[in-house]
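Working notes for the structure below.
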Amino acid sequence: MNGKTHISTYVLIFLLLVLVLRLAMPYAVQWYINETLSQSTRYDGRVGDVDIMLWRGAYSLEHVVLYKSNGEVDRPFVNVDYIEFTLAWSQLIKGAAVGKVKVETPEINFVDGGTDAASQSGKNENWLSIADQLFPLRIDELTVKNGRVNFSNPNTTPAIDISLHDIEVVLTNLVNSDALSDTRIATAKVTGQTATQGTLQINAKLNPATSSPTFDIDIKAENVGLVNFKNVLDTYAPFDLEAGTLTLAAEIASDDGKVKGYVKPILHNVEVFSWKGDIERDDDGFFQGSVEAISALITELFENQSKDQIATRIPIKGDLSSPEMQSWEAFKAILKNAFVQAFKGDIEKSIELNQLNKTEDQTIPASVNER
């Protein structure tokens, strides 16, 4: 056997080894991910198909599931149809190993089962560590398509089962590097649909470079049908809401450990008490019916009659760890809405971070101002 034959044999063996490794790689990655997802103390996980796309610097997962390991919750905590992790080649050229994550049709199920064993909320688990092991690169962009968050309580009659669905999320510039972007400000946009009626929209800016949380969040909910949450209110509130819709606007900003903002809820066409609904159908009894009748009377008293709405504006300020809700200001706002001028359910743009672009190594102090 001559030298050329030896070289050809070695090349063939090398190519076969590469082929075997390439074929085995998805199964090895699948085993690693299943082991990683099961690191939680109270949750187990598994993944379906794994696809490796070397030419793109990407890999994808299908049918990712996390579930309560004790078997007492019949819904998975997390169920995702598709996740794709991709290396950002354009940023790699700049010397940064960062990536993008795309998540399609994720679902999260929170359950109040009456006991800790029969409930699931995912708290007190090190999910960030697990995420880092699944994708060790820093994530610069995250997108979520067609997401859903459910809350259920199977012990009520009828059972509570509500959701925020059709959730779309876009998070950008999360790496927060001057080398990768002309700004250090990360942005977030979230939209969704509430139950069978209503929309939710969140717009946020944050500066991850600061030592204390620095963010500016606007929240807007419109035309949320309260009757869709009747079972929740019956269980967790002392009265029924037979009809009505909710509009909510909120601005919250934080810098240098301080927080300032407001929450402005507006209830339209609210019906708290209904003889047919509460006495005849629900059989609430004298005491419960009296409480709800009094609630209805108070509601009517503080309602703006021309707009048929009850509203307030609750200021928030103080330390980020324990912000204060200003109750007296909120009560005065109820009176203003009822007897002076009806509130509008818009974002006021009255809370802003003047120094959001300042980083922690600059001496100019950041502040939260209200115009």
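Some points to look at:
- Answer residue from segment 95-120, given it is closer than 13 Å to Asn153 by Cα and among the hydroxyl-bearing types (Ser, Thr, Tyr) and is least open to solvent (accessible area, probe 1.4 Å) among those: Ser119
- Taken together, the criteria place Val80 among residues that are within 24 Å of His165 (Cα to Cα), at pLDDT 95 or above, hydrophobic (A, V, I, L, M, F, W, C) and open to solvent by less than 20 Å² (accessible area, probe 1.4 Å).
- Among residues of segment 45-80, those that are touching a residue at least 24 places away in the same chain (Cβ under 8 Å), in contact with a strand residue (DSSP E or B) (Cβ under 6 Å, 6 or more places away or on another chain) and among the acidic types (Asp, Glu), counted: 1
The values are calculated or read from the model by the stated rules, or taken from the named source; none is laboratory data. Just so you know, these numbers come straight off a predicted model, no measurement behind them. Cβ: placed from backbone, ideal geometry, glycine included. Neighbour counts: every protein chain shown. Ligands, DNA and RNA are excluded from the accessible area calculation, which covers all protein heavy atoms including side chains. Shrake-Rupley method; radii C 1.70, N 1.55, O 1.52, S 1.80 Å.
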